[in-house]
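First up is the structure itself, then whatever we jot down about it.
The values are calculated or read from the model by the stated rules, or taken from the named source; none is laboratory data. Computed from a predicted model, the values in this text were never measured in an experiment. Quick reminder, even Gly has a Cβ in these numbers, built from the backbone with ideal geometry, and neighbours come from all protein chains shown.
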Amino acid sequence: MRPTKADLEAARDRLIPDVLPPDGAPLRVLFSGINPGLYSAATGHHFARPGNRFWPALHRSGFTDRLLHPSEQDLLPDYGLGITNIAPRATARADELTGEELRDGGRRLTALVERHRPAYLAVCGVTAYRTAFGRPDTKIGPQDETFGPARLWILPNPSGLNASWQLDRLAGEFARLREAADARRAG
(Lines give C-alpha, C1' and ligand atoms only; values in the text may rest on other atoms or scores of the structure.)
Protein backbone atom coordinates (compact mmCIF):
# COMPACT_ATOMS: atom_id res chain seq x y z
CA MET A 1 0.00 0.00 0.00
CA ARG A 2 1.34 3.42 -0.95
CA PRO A 3 1.95 5.89 1.85
CA THR A 4 -0.52 8.74 2.12
CA LYS A 5 0.50 12.39 2.22
CA ALA A 6 0.08 12.27 6.01
CA ASP A 7 2.30 9.14 6.18
CA LEU A 8 4.98 10.95 4.18
CA GLU A 9 4.88 14.02 6.40
CA ALA A 10 5.04 11.84 9.53
CA ALA A 11 8.17 10.16 8.11
CA ARG A 12 10.15 13.44 8.11
CA ASP A 13 13.39 13.06 10.14
CA ARG A 14 12.79 9.31 10.57
CA LEU A 15 15.74 6.92 10.35
CA ILE A 16 15.71 3.58 8.54
CA PRO A 17 18.09 0.77 9.42
CA ASP A 18 21.06 -0.14 7.29
CA VAL A 19 20.94 -3.41 5.38
CA LEU A 20 24.14 -5.26 6.25
CA PRO A 21 25.38 -8.82 6.50
CA PRO A 22 26.24 -10.21 9.91
CA ASP A 23 29.63 -9.12 11.26
CA GLY A 24 32.41 -11.03 9.53
CA ALA A 25 30.27 -12.10 6.54
CA PRO A 26 31.64 -11.12 3.12
CA LEU A 27 30.47 -7.79 1.73
CA ARG A 28 31.29 -7.22 -1.95
CA VAL A 29 29.67 -3.80 -2.27
CA LEU A 30 28.19 -1.43 0.27
CA PHE A 31 25.89 0.98 -1.54
CA SER A 32 25.38 4.34 0.13
CA GLY A 33 22.55 6.65 -0.75
CA ILE A 34 22.56 10.31 0.17
CA ASN A 35 19.78 10.05 2.76
CA PRO A 36 16.35 8.43 2.93
CA GLY A 37 13.53 10.21 1.18
CA LEU A 38 10.16 10.48 2.87
CA TYR A 39 8.75 7.60 0.82
CA SER A 40 11.60 5.32 1.92
CA ALA A 41 11.23 6.41 5.53
CA ALA A 42 7.46 5.82 5.44
CA THR A 43 7.92 2.30 4.07
CA GLY A 44 11.15 1.46 5.90
CA HIS A 45 12.79 0.41 2.61
CA HIS A 46 15.77 1.98 0.87
CA PHE A 47 15.30 3.48 -2.62
CA ALA A 48 11.57 2.73 -2.33
CA ARG A 49 10.01 5.65 -4.20
CA PRO A 50 8.36 4.57 -7.44
CA GLY A 51 10.52 5.85 -10.24
CA ASN A 52 13.77 5.34 -8.34
CA ARG A 53 16.00 3.27 -10.59
CA PHE A 54 18.28 1.68 -7.98
CA TRP A 55 16.57 -1.73 -7.95
CA PRO A 56 16.18 -2.03 -11.76
CA ALA A 57 19.82 -0.94 -12.26
CA LEU A 58 20.97 -3.45 -9.66
CA HIS A 59 19.21 -6.24 -11.54
CA ARG A 60 20.08 -5.15 -15.09
CA SER A 61 23.74 -4.86 -14.12
CA GLY A 62 23.84 -8.48 -12.96
CA PHE A 63 24.18 -7.87 -9.22
CA THR A 64 20.91 -9.78 -8.63
CA ASP A 65 19.39 -12.65 -10.58
CA ARG A 66 15.96 -11.02 -10.58
CA LEU A 67 14.41 -7.63 -9.99
CA LEU A 68 14.01 -7.22 -6.26
CA HIS A 69 11.27 -5.08 -4.78
CA PRO A 70 12.43 -2.61 -2.12
CA SER A 71 10.53 -4.70 0.46
CA GLU A 72 12.99 -7.52 -0.33
CA GLN A 73 16.02 -5.45 0.67
CA ASP A 74 16.90 -7.96 3.40
CA LEU A 75 17.90 -10.43 0.65
CA LEU A 76 20.84 -8.21 -0.36
CA PRO A 77 23.35 -9.72 2.10
CA ASP A 78 22.81 -13.08 0.34
CA TYR A 79 24.29 -11.39 -2.77
CA GLY A 80 27.17 -9.91 -0.75
CA LEU A 81 25.57 -6.45 -0.89
CA GLY A 82 24.48 -3.87 1.66
CA ILE A 83 22.82 -0.44 1.81
CA THR A 84 23.36 2.56 4.03
CA ASN A 85 23.13 6.35 3.66
CA ILE A 86 25.58 9.18 4.14
CA ALA A 87 23.07 11.11 6.25
CA PRO A 88 20.52 9.03 8.15
CA ARG A 89 17.74 11.66 8.48
CA ALA A 90 14.79 11.43 6.10
CA THR A 91 13.94 14.56 4.13
CA ALA A 92 11.73 15.42 1.18
CA ARG A 93 14.80 16.55 -0.79
CA ALA A 94 18.51 15.95 -0.30
CA ASP A 95 19.14 19.71 -0.46
CA GLU A 96 17.39 20.00 2.92
CA LEU A 97 20.49 18.45 4.52
CA THR A 98 23.14 20.76 5.89
CA GLY A 99 26.79 20.49 4.98
CA GLU A 100 27.47 19.58 8.60
CA GLU A 101 24.97 16.68 8.42
CA LEU A 102 26.73 15.38 5.32
CA ARG A 103 30.16 15.69 6.93
CA ASP A 104 28.91 13.96 10.10
CA GLY A 105 27.42 11.27 7.90
CA GLY A 106 30.77 10.89 6.18
CA ARG A 107 32.39 10.13 9.53
CA ARG A 108 29.66 7.59 10.32
CA LEU A 109 30.14 5.99 6.89
CA THR A 110 33.89 5.76 7.49
CA ALA A 111 33.30 3.86 10.75
CA LEU A 112 30.78 1.55 9.05
CA VAL A 113 33.26 0.69 6.28
CA GLU A 114 35.99 0.01 8.84
CA ARG A 115 33.66 -2.36 10.71
CA HIS A 116 32.17 -4.28 7.75
CA ARG A 117 35.15 -4.07 5.36
CA PRO A 118 33.38 -4.14 1.98
CA ALA A 119 35.48 -4.71 -1.13
CA TYR A 120 33.82 -1.60 -2.61
CA LEU A 121 31.95 1.37 -1.23
CA ALA A 122 29.61 2.70 -3.93
CA VAL A 123 28.21 6.14 -3.17
CA CYS A 124 25.05 6.93 -5.16
CA GLY A 125 25.25 10.68 -5.60
CA VAL A 126 28.37 12.55 -6.65
CA THR A 127 27.30 15.97 -5.35
CA ALA A 128 26.61 14.69 -1.83
CA TYR A 129 29.93 12.82 -1.85
CA ARG A 130 31.76 16.01 -2.85
CA THR A 131 30.22 17.88 0.10
CA ALA A 132 30.50 15.10 2.69
CA PHE A 133 34.15 14.43 1.99
CA GLY A 134 35.43 17.77 0.73
CA ARG A 135 36.26 16.43 -2.74
CA PRO A 136 34.82 19.06 -5.12
CA ASP A 137 36.37 17.57 -8.28
CA THR A 138 35.11 13.99 -7.88
CA LYS A 139 33.61 12.42 -11.02
CA ILE A 140 31.37 9.38 -11.55
CA GLY A 141 33.21 6.05 -11.68
CA PRO A 142 36.07 4.31 -9.87
CA GLN A 143 38.28 6.49 -7.72
CA ASP A 144 42.03 6.25 -7.25
CA GLU A 145 41.72 6.77 -3.52
CA THR A 146 40.46 4.07 -1.21
CA PHE A 147 37.93 4.50 1.54
CA GLY A 148 39.54 2.75 4.48
CA PRO A 149 39.81 -0.90 3.42
CA ALA A 150 37.36 -0.45 0.53
CA ARG A 151 37.87 0.68 -3.02
CA LEU A 152 35.64 3.63 -3.83
CA TRP A 153 33.20 3.96 -6.72
CA ILE A 154 30.94 6.95 -7.22
CA LEU A 155 27.63 6.19 -8.92
CA PRO A 156 25.04 8.63 -10.24
CA ASN A 157 22.05 9.32 -8.06
CA PRO A 158 19.42 6.72 -9.17
CA SER A 159 16.51 9.06 -8.45
CA GLY A 160 14.01 9.41 -11.26
CA LEU A 161 14.69 13.16 -11.03
CA ASN A 162 18.23 12.62 -12.36
CA ALA A 163 17.28 12.94 -16.03
CA SER A 164 20.85 12.85 -17.36
CA TRP A 165 21.23 9.22 -16.26
CA GLN A 166 18.46 7.13 -17.80
CA LEU A 167 18.10 3.50 -16.71
CA ASP A 168 20.22 1.89 -19.44
CA ARG A 169 23.12 4.25 -18.83
CA LEU A 170 22.78 3.89 -15.06
CA ALA A 171 22.69 0.08 -15.30
CA GLY A 172 25.82 0.25 -17.45
CA GLU A 173 27.69 2.09 -14.69
CA PHE A 174 26.40 -0.40 -12.10
CA ALA A 175 27.64 -3.21 -14.40
CA ARG A 176 31.13 -1.68 -14.53
CA LEU A 177 31.15 -1.75 -10.72
CA ARG A 178 29.88 -5.36 -10.63
CA GLU A 179 32.59 -6.47 -13.05
CA ALA A 180 35.26 -4.80 -10.93
CA ALA A 181 33.87 -6.35 -7.73
CA ASP A 182 33.74 -9.78 -9.41
CA ALA A 183 37.33 -9.43 -10.62
CA ARG A 184 38.51 -8.40 -7.16
CA ARG A 185 36.76 -11.40 -5.60
CA ALA A 186 38.27 -13.78 -8.19
CA GLY A 187 41.75 -12.26 -7.83
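The residues of segment 2-14 that are surrounded by 15 or more Cβ atoms within 10 Å (Cβ to Cβ), part of a helix (DSSP H, G or I) and not aliphatic (A, V, I, L, M) amount to a single one, ASP7. Of all the numbered requirements in (1) exposed (fewer than 15 other Cβ atoms within 10 Å of the Cβ); (2) among the β-branched types (Val, Ile, Thr); (3) within 15 Å of the chain's Cα centre (by Cα), ILE154 misses one, and that requirement is (1). Output the residues belonging to segment 152-187 that are at pLDDT below 95, assigned to a helix (DSSP H, G or I) and either small (Gly, Ala, Ser) or in contact with an Asp or Glu (Cβ under 8 Å, 6 or more places away or on another chain) (or both). ALA183, ALA186 - these are the residues of segment 152-187 that are at pLDDT below 95, assigned to a helix (DSSP H, G or I) and either small (Gly, Ala, Ser) or in contact with an Asp or Glu (Cβ under 8 Å, 6 or more places away or on another chain) (or both). With the requirement that a residue be in contact (Cβ under 8 Å) with a residue 24 or more places away in the chain and either surrounded by fewer than 18 Cβ atoms within 10 Å (Cβ to Cβ) or on the phi > 0 side of the Ramachandran plot (or both), what does segment 100-110 give you? Of everything in segment 100-110, those that are in contact (Cβ under 8 Å) with a residue 24 or more places away in the chain and either surrounded by fewer than 18 Cβ atoms within 10 Å (Cβ to Cβ) or on the phi > 0 side of the Ramachandran plot (or both) turn out to be ARG103, THR110.
Applying a threshold of 6 Å to beta carbon distances and a minimum spacing of six or more residues, or different chains, the list of pairs starting in segment 15-41 at a residue that is surrounded by fewer than 18 Cβ atoms within 10 Å (Cβ to Cβ) and ending at one that is of a type in the set (Val, Ile, Thr) reads ASP18/THR84. Residues of segment 111-146 that are assigned to a helix (DSSP H, G or I), in contact (Cβ under 8 Å) with a residue 60 or more places away in the chain and within 20 Å of GLU100 (Cβ to Cβ): LEU112, ALA128. Here is a list of conditions, (1) surrounded by fewer than 21 Cβ atoms within 10 Å (Cβ to Cβ); (2) modelled with pLDDT under 95; (3) within 13 Å of the chain's Cα centre (by Cα), and LEU97 meets all of them except one; can you say which number that is? Exception for LEU97: condition (3).
Out of all the residues in segment 48-69, is one or more hydroxyl-bearing (Ser, Thr, Tyr), surrounded by fewer than 15 Cβ atoms within 10 Å (Cβ to Cβ) and not in a helix (DSSP H, G or I)?
We begin by selecting, within segment 48-69, every residue hydroxyl-bearing (Ser, Thr, Tyr); these are 61, 64.
Add one more test, that the residue is surrounded by fewer than 15 Cβ atoms within 10 Å (Cβ to Cβ), and what stays is none.
The answer is no; no qualifying residue exists.
Return yes or no: is LEU102 in contact with a helix residue (DSSP H, G or I) (Cβ under 7 Å, 6 or more places away or on another chain), over 24 Å from GLY172 (Cα atoms) and either of a type in the set (A, V, I, L, M) or assigned to a loop (DSSP other than H, G, I, E, B) (or both)? Yes.
A single member of PRO77, PRO149, PRO136, PRO88 is exposed (fewer than 14 other Cβ atoms within 10 Å of the Cβ), within 24 Å of GLY24 (Cα to Cα) and out of contact with any strand residue (DSSP E or B) (no Cβ under 6 Å at 6 or more places or on another chain), and it is PRO149. Taking the criterion of being on the phi < 0 side of the Ramachandran plot and of a type in the set (Gly, Ala, Ser), the residues of segment 41-90 that qualify are ALA41, ALA42, ALA48, ALA57, SER61, SER71, GLY82, ALA87, ALA90.
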